[in-house]
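First the structure, in the form of structure tokens, and then the observations on it.
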Amino acid sequence: MKKILNYINGELIEPKSGQYLDNYNPAIGKVYSLIPDSDASDVQQAQEAAQAAFPAWSVTPKDERSRILMKLADLIDANLDELAKAESVDNGKPVSLAKSVDIPRAASNFRFYATAVVQYSTHAHEMEDTAINYTLRQPIGVAGCISPWNLPLYLFSWKIAPAIASGNCVVAKPSEVTPMTAYLLSKLCIEAGLPKGVLNIVHGLGPKVGQAITEHPDIPMISFTGGTVTGKHIASIAAPMFKKLSLELGGKNPNIIFADCDFEKALSTTVHSSFANQGQICLCGSRIFVERPIYEKFKTAFVEKVKRMKVGNPADDTTKMGAVVSKSHMEKVLSYVELAKEEGGAVLTGGNQAHIEGECADGWFIEPTIIEGLSFDCRTNQEEIFGPVVTIMPFDTEEEVLMMANSTKYGLASTVWTENLKKAHRMARNLDVGIVWVNCWLLRDLRTPFGGAKQSGVGREGGFEALEFFTEPKNVCIKY
Ligand code: NAP
């Protein structure tokens, strides 16, 4: 059986314990590879390699760092088919999605930060004829990067690229549930000529490897994407150690559809924003609020379209929804459907495990599910489900929908559908979220700040924000 290896000090190596974990293909429900069951001793080895590489890498000219990251991006493009297939097998997502979104975006992440780092400039503040202040931005040392399973290579590279572009070295942990493309990336790093120790990838369980990274006294910054509960746990360890922290956490995003919207665009995008990647994108809209005059019309058309979505083998190009990531996640998502029924919800379509014929007969699939009739403040409408389950509710006024949209502890993203520009601006100002999409969804300009308000996160990724997270500002004041 294929074995994944750690990538430490430029080499692909076994975990010190010699122990491995099973890695499942969720579409067929079977183990297909083995993952290092690493522990604190592997993290220690990775940290030492990163620390040793830091003095040289931090003073490597930006142009040279940029050249290597560009090469890595080119290698990702050149290996698109292999990487997309691996992502699909590991995660259950349709291969067509991995090929059009996940893998191209991983290449873009490296390319973006390869160019951003050479464009970035700092500020100067002059005190008339007294003095000049200028800001130095210096890399800090070893960064800990911990990422989730839903967009494996996409989110892993979104952290690593700015960290190493700005001159830090990295100890990274991909999700143990989807480690394969991070392993393939480590091979590409070797091929791209990334100096040894600049990036170290330690595979294994969150409570062992992730915990060891978080607790390590010589890893002074942690960039984490994952669930809010894990984020809170990480913050409780990192904050008293005065580590820099970037937390990208969960969401319960409202999708607000006004009667004056472009109906067809709102409808087709809502199908996508509800069920793309089996609803396992932190930005998916899971609470759909529709203004009452078009509620029945929208609901009927939405249910009809969703019923036609093809759930099937992720390897098949015509599949719209693949498997969810694991058996335990499938059970968690389906338990929310039961909760919704207990809370008085009516399932308009879906609600069950989907059974696929052929080689996927034992896979973990869920029918796309729409639930109606719930109050905005019930648990189903307040807790993150992170699967192909959405609720739909009518509203009458802007004030009412804002109150309902803002009622959760989360504040990641929102969509607003209206042709009225003033209303769009008003809604954007009043939504308690980090990202508002008006008449679109998941349209991303990598220069923009990315992240959430309230319990959806702390800090922002994206653009120069990430370069600022991974560097320490130092003010230098020179008297004239
Ligand atoms: P998770 O369980 O919080 O895991 C995220 C990462 O943290 C994984 O690598 C995990 O390792 C690791 N981890 C677990 N316990 C840890 C510990 N004690 N110390 C350090 N690291 C630990 O989240 P997930 O289930 O993978 O991902 C789904 C969540 O991510 C959802 O809530 C979703 O909204 C959120 N998300 C947010 C964004 C955003 O940008 N805001 C983007 C994508 C996803 P193992 O997997 O090996 O346990």
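Which of Leu194, Ser328, Asn25 sits closest to the plus end of the dipole of the chain, meaning its Cα is farthest towards the positive end, when Lys and Arg get +1 and Asp and Glu get -1 on the C-beta?
Leu194
Near Lys16, which aspartates and glutamates are there with a Cα under 12 Å away, not counting those fewer than 8 places off in the same chain?
Asp37, Asp39, Asp42
So if I restrict to the alpha-carbon atoms in segment 253-445, what is the Rg, and what is Dmax, the biggest pairwise distance, in Å?
My reading of the Cα-based Rg and Dmax gives 16.1, 52 Å.
About the Cα centre, and with charges only on the beta carbon of Lys, Arg (+1) and Asp, Glu (-1), how big is the dipole of segment 79-199? Nearest 20 debye, please.
Charge dipole of segment 79-199: 380 debye, to the nearest 20.
Apply the Karplus curve 6.51 cos²θ - 1.76 cosθ + 1.60, θ = phi - 60°, to the phi angles in segment 101-118 and return the couplings in whole Hz, x for Gly and Pro.
After applying 6.51 cos²θ - 1.76 cosθ + 1.60, I find 10, 4, 6, x, 5, 4, 5, 4, 4, 5, 5, 4, 6, 4, 8, 4, 5, 8 Hz.
Going toward the positive end of the dipole of the chain, with +1 on Lys and Arg Cβ and -1 on Asp and Glu Cβ, which of Tyr480, Ser157, Pro217 do you reach last?
Tyr480
Long-range amide H contacts for Gly387: which residues qualify at under 5 Å (H placed 1.01 Å from N, peptide plane, sequence gap of 5 or more or a different chain)?
Amide H neighbours of Gly387, under 5 Å, 5+ apart: none.
About the Cα centre of the chain, how large is the charge dipole given +1 on each Lys and Arg Cβ and -1 on each Asp and Glu Cβ? Please answer in debye to the nearest 20.
In debye, rounded to 20, the chain gives about 420.
Once Lys and Arg get +1 and Asp and Glu get -1 on their Cβ, which of Leu247, Thr418, Thr230 lies farthest toward the positive end of the dipole of the chain?
Leu247
Hey, what do the phi angles of segment 223-238 turn into as Karplus ³J(HN,Hα) couplings, whole Hz, using 6.51/-1.76/1.60 and θ = phi - 60°, x for Gly and Pro?
10, 10, 10, x, x, 5, 5, 5, x, 5, 4, 4, 4, 5, 8, 6
Which shape class, rounded, prolate or oblate, goes with segment 172-225 when its Cα gyration tensor gives a ≥ b ≥ c as root eigenvalues, a/c under 1.5 marks rounded, and past that a/b bigger than b/c marks prolate?
oblate
Would you order Thr135, Thr130 from fewest to most other beta-carbon atoms within 10 Å of each residue's own beta-carbon?
Going from sparsest to densest Cβ surroundings: Thr130, Thr135.
Give me the angle, in degrees from 0 to 90, between the Cα long axis of helix 327-342 and the longest principal axis of the Cα atoms of the chain, rounded to the nearest 10.
Roughly 40 degrees, rounded to the nearest 10.
Among Tyr120, Tyr480, Tyr154, Tyr410, which comes first, second and so on when ranked by fewest other beta-carbon atoms within 10 Å?
Tyr480, Tyr120, Tyr154, Tyr410
Please identify every one of the GluC sites (Glu not before Pro) in segment 278-384 that sits in a loop by DSSP and has no more than 10 other beta carbons within 10 Å of its own beta carbon.
Glu357
Taking segment 112-207, which GluC sites (Glu not before Pro) meet the DSSP loop condition and have no more than 10 other C-beta atoms within 10 Å?
Answer by residue number: Glu128.
Show me, bin by bin at 5 Å from 0, the whole-percent P(r) of segment 323-407 based on Cα pairs.
3, 15, 24, 20, 16, 10, 6, 4, 2, 1, 0
Counting only DSSP beta bridges with both residues in the chain, what percent are antiparallel, rounded to the nearest 5?
Taking every DSSP beta bridge with both residues in the chain, the antiparallel ones total about 45 percent.
Roughly what % antiparallel, to the nearest 5, for the DSSP beta bridges in segment 106-207?
The antiparallel fraction comes to roughly 35 percent.
For segment 344-358, just list the computed ³J(HN,Hα) in residue order, Karplus coefficients 6.51, -1.76 and 1.60, θ = phi - 60°, integers in Hz, with x standing in for Gly and Pro.
With the stated coefficients, segment 344-358 comes to x, x, 10, 7, 7, 7, x, x, 10, 5, 9, 9, 10, 7, x Hz.
Just the number, please: Stokes-Einstein D of the chain in µm²/s, Kirkwood Rh from C-alpha pairs, 4 °C, 1.567 mPa s.
D, rounded to a whole number, is 56 µm²/s.
Calculated from DSSP H runs of 4 or more alone, at -39500 (n - 2.57) each and per residue, what is the 222 nm mean residue ellipticity of the chain, nearest 500?
Result for the chain: -12000 deg cm²/dmol, rounded to the nearest 500.
Most exposed first by the Cβ proxy, i.e. fewest other Cβ within 10 Å, how do Ser273, Ser328 rank?
Ser328, Ser273
Which entries of Lys252/Lys299; Lys93/Lys332; Lys187/Lys243; Lys85/Lys307; Lys265/Lys341; Lys265/Lys332 show an alpha-carbon separation above 25 angstrom in the structure shown?
The pairs that break the limit, which is 25 Å between Cα atoms, are Lys187/Lys243; Lys85/Lys307; Lys265/Lys341; Lys265/Lys332.
No value in this document is a laboratory result; all are computed from the given coordinates. Being a predicted model, the structure only gives us computed values, none of them experimental. We place every Cβ from the backbone using ideal geometry, glycine too, and count neighbours over all the protein chains shown.
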